[in-house]
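Below: the structure, in structure tokens.
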Amino acid sequence: MELSDWISRISKHREELNGMPVCPFATTSEFSIVDTDGSDIDPPPWDFDLIIFRLPEHYTIEELESIAKEYNLIYPEMIFLPDHKDRETFINGVQTNNGKYNLILCQWRDNLEEARRSLSKTSYYSFWDEDYLNEILNT
């Protein structure tokens, strides 16, 4: 599965989510994919809504989470979310992870928080497992 297939999958409107997609803003977001070994993540000023850093497959779930956590501390104006190929994550039974690549998604914090505020006015978050929701929202 290519990343464009994953983005299409998470953009699809789902009955399980009351007609909403896993990622309601994925189809309207401009993104860039950057291949990296993980040591050189240095987000430059960019005109994209999202940078998808694709890391080598040897990283464990814990290592990928640690890298994202480190960059969240270095760049507080951004949010880095890990998506490990082997960590299956779901919202109300709908798979959210890409399942093929180790990724770190990087977005501007203020843009993401504005989108989250908008989603909180809908039923979107009611479908999330409490632990997974806290993990994502508390980054």
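Can you tell me which residue is surrounded by the most Cβ atoms within 10 Å (Cβ to Cβ) among those in the range 28-38 that are touching a helix residue (DSSP H, G or I) at 6+ places or on another chain (Cβ under 9 Å) and more than 18 Å from residue 115 (Cβ to Cβ)?
Result: 38.
Which one is surrounded by the fewest Cβ atoms within 10 Å (Cβ to Cβ), of the residues in the range 1-27 that are assigned to a helix (DSSP H, G or I) and touching a Pro at 6+ places or on another chain (Cβ under 7 Å)?
Per the stated criteria, the residue is 11.
Just the residues that are of a type outside the set (A, V, I, L, M, F, W, C), in contact (Cβ under 8 Å) with a residue 40 or more places away in the chain and crowded, with 17+ Cβ neighbours inside 10 Å, please, taken from the range 90-110.
Residues satisfying the conditions are 96, 98, 101, 102, 107.
Name the residue that is surrounded by the fewest Cβ atoms within 10 Å (Cβ to Cβ), counting only residues in the range 68-89 that are over 17 Å from residue 33 (Cα atoms) and hydrophobic (A, V, I, L, M, F, W, C).
Residue satisfying both the conditions and the ranking: 73.
Looking only at the range 101-120, count how many residues are modelled with pLDDT of 95 or more and in a loop (DSSP other than H, G, I, E, B).
1
The values are calculated or read from the model by the stated rules, or taken from the named source; none is laboratory data. This structure is a prediction, so every number in the text was calculated from the model and none was measured. All Cβ positions, even for glycine, are placed from backbone atoms using ideal geometry, and neighbour counts span all protein chains on display.
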